[in-house]
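Engineer: The structure's right below; bear with me while I get my questions together.
All of the numbers you see were taken from the coordinates with simple rules; none came from a lab. Computed from a prediction, not measured in an experiment: that's the story for all the values here. Every residue, glycine among them, receives a Cβ derived from its backbone with ideal geometry; neighbour counts consider all protein chains shown.
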Amino acid sequence: MNRRKFLTILGSAGVVSALGSAKVAEASPASFPYFPDSYGVLHDTTRCIGCRRCEAACNAVNNLPKPEKPFTDLSVTETKRHTTAYEWTVVNKYEVNGKPYFRKLQCFHCNDPACASACFAKCFQKQPDGSVTYDGSQCVGCRYCMVACPFYVPGFQYDLAWDPLVQKCTFCEPRLKEGKLPGCVEACPVDALTFGRRSDLIKIARARMAENPGRYVDYLYGEYDAGGTAWMVLAPAAGGAPVPVDDPQGAGTEFKQLGLDTHLGSQPMGSLTYGALGAVPMIVAFWPVLFGGAWAMTKRREAMAKLEQEKIIKDAKDDLVAAVDAAVRKIGETEGEGAAERARQAMTEALKAREAQNSGGLNGHGEEK
């Protein structure tokens, strides 16, 4: 089962589950294009040299932890790495028809982001500048966004116990507000990354295809895939011959060899995950009842166990007191009342000393109970 089928089934299940429950706030996935004047980046894989300077820039701009291996170590591109909560940009090496090429991985910043559609806390938002931003102040850690993302991009801070967040590329949105380029684009030494209005980037991509016949697959990945994305990719043509296609599934194996999913279709992923949100109000209302009931049952068992333990201790004390009284009476009968009183005092002091030891967590040998 691929991700599209999974999300379709999940959405259908959400709609069915929501029937008869409280009405969900009216909403619908946006239509492509989401923001016609938004920005984007064109990644030309025929130009990328795998220098990892974009990785270094992303790391510095976002104050991320330094990796184990320095950015000057290009051997890491041989491993098919993926983005994480602390690595928002990675560059991998691929073999396309026997020739080496490099591709940069990061959030694609979808026009209709599935992460935003799946997030009932509204932590993810699509911005007019093209970026998909995340505000973790309301995040509950459900990680629905990670399941919904068709590119498997968001990472979760599993190493943080108390306040973990979902992390991913921000499109350097703070820099965009200042009129600056995204850090990775600014750092690229070979113009493999081109920043601009998304509509202009599509024209640039088409012009490169027309001016360099045989160099590129005649398809712009991200123009329509998953409803369209802000980051778009040009792939090298197979064998230096033009490959006209109507969709990436007909583009041979070039996109697949670059590690790109060619089965996403053109429908926005948000329209598939939206149906699942119908069940969210019911789930949110049901979980407190479920876990509250489990908590109450646990507390009741603890209280019952405590009462039973106290009864056992009381019965044991009563039996001990009765045994002491019997022993004292026997001493009084054989040795007189004076001896009996001395025995009673000695036994009483011994019991008090024993109780004091037990309350301190030690037995009569100085060991833990």
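Engineer: Please give me the summed charge of the neighbours of residue 136: other residues whose Cβ is under 15 Å from its Cβ, Lys and Arg +1, Asp and Glu -1.
Structural biologist: 0
Engineer: Please report the net charge: other residues with Cβ closer than 13 Å to the Cβ of residue 35, K and R +1, D and E -1.
Structural biologist: 0
Engineer: If you don't mind, there's one more thing I want to ask. From the mean inverse distance of alpha carbon pairs (Kirkwood) and the Cα radius of gyration, derive Rg over Rh for the stretch 30-267.
Structural biologist: 0.95
Engineer: Under the classification rounded if a/c is under 1.5, otherwise prolate if a/b is larger than b/c and oblate if not, where does the stretch 121-218 fall, given a ≥ b ≥ c as square roots of the Cα gyration tensor eigenvalues?
Structural biologist: The shape class here is prolate.
Engineer: Within 10 Å of each residue's Cβ, count the other Cβ atoms and sort 81, 329, 52 from fewest upward.
Structural biologist: Least crowded to most crowded, the residues run 329, 81, 52.
Engineer: If I model a spin label at residue 306 and residue 142 as a point 7 Å from the Cα along the Cα→Cβ vector, what separation in nanometres do I get?
Structural biologist: Reported label-point gap for residue 306 and residue 142 is 3.5 nm.
Engineer: Here's something else I'd like to know. Need the list of lysines near residue 122 for cross-linking: C-alpha distance under 19 angstrom, and skip anything on the same chain fewer than eight residues off.
Structural biologist: Hits, sequence-local ones excluded: 23, 168.
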